[in-house]
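Enquirer: One structure coming up, written as structure tokens, with questions to follow.
The values are calculated or read from the model by the stated rules, or taken from the named source; none is laboratory data. From a predicted model like this one, the values you see are computed outputs, not experimental measurements. We place every Cβ from the backbone using ideal geometry, glycine too, and count neighbours over all the protein chains shown. Areas reflect the complete protein model, heavy atoms only, side chains present, ligands, DNA and RNA absent. Shrake-Rupley method; radii C 1.70, N 1.55, O 1.52, S 1.80 Å.
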Amino acid sequence: MSHGKALACAIRAAKAAGGLMLKNRWSQKKINSETKHDIKLELDVRSQKTIEKILRKEFPRIPVLGEEGFTGDIKEQTRWVVDPIDGTVNFAHGIPHSCVSIALQENGQSVAGVVYDPFVNELFTAVRGQRAKLNGRPISVSKRDKLEQAIVSLGFAKNMFTMEQMLPTMTKLVNSARKIRIMGSAALAAVYVAAGRTDVYLEYGVRLWDIAAGGLIIECAGGEFWNRPVEGEHAYHVIANNGLLRRELEKITG
Ligand code: LIP
């Protein structure tokens, strides 16, 4: 199938879901469930339904694996991977740092991806083999090659176990990097590396739908993106950087 056509459809779906986020920005958010370190909103479900309707209208045979459930046989070679609102806790608290993430995967590899932040109207896109873009303009990772100059984004996922995996890394990095940022959206953490705003993104226990699009966008912007499966359904340990900081990172994080 045409990856360009798939991307155009994903952009329409992401913008529709982003519009829903903006429309409900100031409304009282209905909470479907909450744990000590997470919130799931009714709007997450509504956003995924909005996205699925647009994707399935144009591509009725491609299944959707989303944070709010799946449609079709997600073991198919080709599938959509969707996070309808990435950074849900931020969104629930009125913090305007969350986004929509949609990726098309073939045989488990992302081939087209979009991350849309409706609050600042920033649309990050990529098709494998082509240059990543921000609002249609090519983007590249930073050229900072020293950790002491770098901004490192961290994520702590959703439970004590995943946080405990990251705390020693944070302790080591807090004095080695220029700054640490923990901003609550994996997809935005990834695309900020792609755009050269930050230089490293690390998270243990992040889910596939959080990173499927952002990881591709980093690679198409000249960066490095590793994700190895860890315990938990669709859970990964992500190490991403601008491609110049790997050695220093390996020395510190082991
Ligand atoms: C979020 C991720 C973030 C992670 C949070 C949560 P959600 O995704 O983007 O990086 O630290 O725990 O998983 O749940 O808002 O879509």
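Enquirer: Taking the options LYS146, LYS172, name whichever one is surrounded by fewer than 18 Cβ atoms within 10 Å (Cβ to Cβ) and at pLDDT 95 or above.
Expert: Answer to the check: LYS146.
Enquirer: Being surrounded by fewer than 23 Cβ atoms within 10 Å (Cβ to Cβ) and farther than 30 Å from ILE31 by Cα is the filter here, so list the residues in segment 90-112 that pass it.
Expert: Result: GLU106, ASN107, GLY108, GLN109, VAL111.
Enquirer: Still on this model: Taking the criterion of being open to solvent by 30 Å² or more (accessible area, probe 1.4 Å) and within 16 Å of the ligand (Cβ to nearest atom), would at least one residue in segment 113-120 satisfy it?
Expert: yes
Enquirer: Looking at segment 200-231, which of its residues are crowded, with 20+ Cβ neighbours inside 10 Å and of a type in the set (Phe, Trp, Tyr)?
Expert: TYR201, TYR204, TRP209, PHE225
Enquirer: Within segment 223-245, how many residues turn out to be under 28 Å from GLU122 (Cα atoms) and more than 17 Å from the chain's Cα centre (by Cα)?
Expert: Result for segment 223-245: 3.
Enquirer: Here's a follow-up. When segment 205-238 is examined, which residues are found to be of a type in the set (Asp, Glu) and within 14 Å of the ligand (Cβ to nearest atom)?
Expert: ASP210, GLU233
Enquirer: Let me ask something else. Residues in segment 149-169 that are away from the ligand (no atom under 16 Å from the Cβ), in contact (Cβ under 8 Å) with a residue 24 or more places away in the chain and surrounded by fewer than 16 Cβ atoms within 10 Å (Cβ to Cβ): how many?
Expert: Summing the residues that are away from the ligand (no atom under 16 Å from the Cβ), in contact (Cβ under 8 Å) with a residue 24 or more places away in the chain and surrounded by fewer than 16 Cβ atoms within 10 Å (Cβ to Cβ) in segment 149-169 gives 1.
Enquirer: Still on this structure: Output the number of residues of segment 43-54 satisfying the condition of being of a type in the set (S, T, N, Q) and within 12 Å of the ligand (Cβ to nearest atom).
Expert: Adding up the residues that qualify gives 2.
Enquirer: Please verify whether GLY87 is on the phi > 0 side of the Ramachandran plot, exposed (fewer than 15 other Cβ atoms within 10 Å of the Cβ) and not basic (Lys, Arg), treating the condition exactly as stated.
Expert: So GLY87 fails the test.
Enquirer: Moving on to the next point. Take the conditions touching a residue at least 24 places away in the same chain (Cβ under 8 Å) and closer than 26 Å to VAL111 by Cα and apply them to ALA14. Does it pass?
Expert: Yes, satisfied.
Enquirer: Among the listed residues LYS40, LYS57, LYS23, identify the single one that is basic (Lys, Arg) and either within 16 Å of the ligand (Cβ to nearest atom) or open to solvent by less than 10 Å² (accessible area, probe 1.4 Å) (or both).
Expert: Just a single option satisfies the conditions, and that option is LYS40.
Enquirer: Among the numbered criteria (1) in a loop (DSSP other than H, G, I, E, B); (2) open to solvent by less than 40 Å² (accessible area, probe 1.4 Å); (3) more than 16 Å from the ligand (Cβ to nearest atom), which single criterion is violated by GLU76?
Expert: Here GLU76 meets the rest and fails (2).
Enquirer: A follow-up question, please. What number goes with the only condition from (1) touching a Ser or Thr at 6+ places or on another chain (Cβ under 7 Å); (2) touching a residue at least 60 places away in the same chain (Cβ under 8 Å) that GLU67 does not pass?
Expert: It fails just one condition, (1).
Enquirer: Consider ILE102 carefully, then state whether it is assigned to a strand (DSSP E or B) and touching a Gly at 6+ places or on another chain (Cβ under 8 Å).
Expert: yes
Enquirer: Next up: Within segment 189-199, is there a residue that is among the polar types (S, T, N, Q), within 13 Å of the ligand (Cβ to nearest atom) and surrounded by 17 or more Cβ atoms within 10 Å (Cβ to Cβ)?
Expert: no
Enquirer: Looking for something in contact with a helix residue (DSSP H, G or I) (Cβ under 8 Å, 6 or more places away or on another chain), within 12 Å of the ligand (Cβ to nearest atom) and not hydroxyl-bearing (Ser, Thr, Tyr) - is there at least one such residue anywhere in segment 123-143?
Expert: Within segment 123-143, none of the residues are in contact with a helix residue (DSSP H, G or I) (Cβ under 8 Å, 6 or more places away or on another chain), within 12 Å of the ligand (Cβ to nearest atom) and not hydroxyl-bearing (Ser, Thr, Tyr).
Enquirer: Can ARG181 be described as within 13 Å of the ligand (Cβ to nearest atom), open to solvent by 10 Å² or more (accessible area, probe 1.4 Å), assigned by TED's automatic domain parsing to the domain that holds ILE239 and more than 24 Å from GLU233 (Cβ to Cβ)?
Expert: When the stated conditions are applied, ARG181 passes them.
Enquirer: Kindly list the number of the only condition in (1) polar (S, T, N, Q); (2) exposed (fewer than 15 other Cβ atoms within 10 Å of the Cβ); (3) not in a strand (DSSP E or B) that fails for ASN32.
Expert: Looking at each condition in turn, ASN32 falls short on (3).
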